[in-house]
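The structure appears right after this line, and notes come after that.
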Amino acid sequence: MFKTASTNIAFLGTLVIQCRGRAVTLTLKAADPEPNSSGVYKMRIKNADGSWTRWLPYERSKTWRLSSSVGKKTVYVQYMDLMDNVSVMAKDTITHHP
């Protein structure tokens, strides 16, 4: 079970997909703003039709693989701070044409 971000924690998170076939580069940006900032240190990612990854160390760029079907693809990311607060999902969508 994951905690939801409390009302006094506001994550600022973005996700941008750059596509080259099914292998894509995710550009990730998150901040845990004041007051009570503990810093973003983990993230997890999933395709719209998939399961979440385990919690990974936060990175600003990540290679990712889209699901195999053709068409509109949505990738989701969530961030966690050092106090184990979890952000709402950030997402981006791209149309995959092989």
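The values are calculated or read from the model by the stated rules, or taken from the named source; none is laboratory data. These numbers were taken from a predicted model, which means no experiment stands behind them. Every residue, glycine among them, receives a Cβ derived from its backbone with ideal geometry; neighbour counts consider all protein chains shown.
Before moving on, here are some points about what is shown:
- Filter result (among the charged types (D, E, K, R) and under 23 Å from Gly21 (Cβ atoms)) within the range 42-73: Lys46, Asp49, Glu59, Arg60, Lys62, Arg65, Lys72, Lys73
- If you filter the range 39-73 down to residues that are β-branched (Val, Ile, Thr) and surrounded by fewer than 17 Cβ atoms within 10 Å (Cβ to Cβ), you find that the one that is farthest from the chain's Cα centre (by Cα) is Val70.
- Residues of the range 41-67 satisfying the condition of being outside any strand (DSSP E or B), under 15 Å from Met89 (Cβ atoms) and hydrophobic (A, V, I, L, M, F, W, C): Ala48, Trp52, Trp55
- Scope the range 2-40; condition modelled with pLDDT of 65 or more, part of a strand (DSSP E or B) and out of contact with any Asp or Glu (no Cβ under 7 Å at 6 or more places or on another chain); matching residues: Cys19, Ala23, Val24, Thr25, Leu26, Thr27, Lys29, Ala30, Ala31
- Whichever residue in the range 74-88 is surrounded by fewer than 16 Cβ atoms within 10 Å (Cβ to Cβ) and hydrophobic (A, V, I, L, M, F, W, C) and, among such residues, is farthest from Gly21 (Cα to Cα): Met83
- Among residues of the range 68-98 being in contact (Cβ under 8 Å) with a residue 40 or more places away in the chain and assigned to a loop (DSSP other than H, G, I, E, B), the one that is farthest from Leu28 (Cα to Cα) is Pro98.
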